[in-house]
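Below is one structure, written out as structure tokens; comments come after it.
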């Protein structure tokens, strides 16, 4: 599969999963033995566990929107930056914070390793401190 096709597949799957709630779209994008690294959170291993992780996040945040800044790829690697925005309307196991009703956003950078046309490993870097400040869990610095 060509890099441009993979970029299109990533955009499509992220929209299907995060915006529309179609977790089955992950079957086309992620390898069955994939690993998600998203510090400071623990690693998530295997497609079923990644789906469960995403479902938990989606249960806490509604009206999700994704805006891509850029996407680059070479060989079996793709790196992209995007902004995720949503409304905090529920509570997840990952971040068990009572619903605030606040609209929050997070800038993210993701690097993926592709095997056989699917994501085998994903490294996600995000501003979790700023995110927790938006939710009112952590006070602003300074």
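Which numbered condition in (1) surrounded by 12 or more Cβ atoms within 10 Å (Cβ to Cβ); (2) at pLDDT 95 or above; (3) farther than 15 Å from residue 108 by Cβ is the only one that residue 3 fails?
Only one criterion in (1) surrounded by 12 or more Cβ atoms within 10 Å (Cβ to Cβ); (2) at pLDDT 95 or above; (3) farther than 15 Å from residue 108 by Cβ is unmet by residue 3, namely (2).
State whether the residues of the range 101-110 include one that is closer than 23 Å to residue 24 by Cβ, touching a helix residue (DSSP H, G or I) at 6+ places or on another chain (Cβ under 6 Å) and at pLDDT 95 or above. Give the steps one after another, and end with the answer.
So the first thing to find is which residues in the range 101-110 are closer than 23 Å to residue 24 by Cβ, and the list is 108, 110.
In the following step, the residues that additionally are touching a helix residue (DSSP H, G or I) at 6+ places or on another chain (Cβ under 6 Å) were identified as none.
Within the range 101-110, none of the residues are closer than 23 Å to residue 24 by Cβ, touching a helix residue (DSSP H, G or I) at 6+ places or on another chain (Cβ under 6 Å) and at pLDDT 95 or above.
Would you be able to say whether some residue in the range 14-23 is outside any helix (DSSP H, G or I) and modelled with pLDDT under 95?
yes
Show me the strands (runs of 3 or more DSSP E) entirely contained within the range 44-142 in which 2 or more residues are in contact with a strand residue (DSSP E or B) (Cβ under 9 Å, 6 or more places away or on another chain), under 30 Å from residue 5 (Cα atoms) and free of Cβ contacts under 8 Å to residues at least 40 places away in the same chain. Give the steps one after another, and end with the answer.
Working: elements: 61-74, 77-88, 103-115, 118-126.
Per the criteria, 61-74, 77-88, 103-115.
The values are calculated or read from the model by the stated rules, or taken from the named source; none is laboratory data. Being a predicted model, the structure only gives us computed values, none of them experimental. Neighbour counts run over all protein chains shown; Cβ positions are idealised from the backbone, glycine included.
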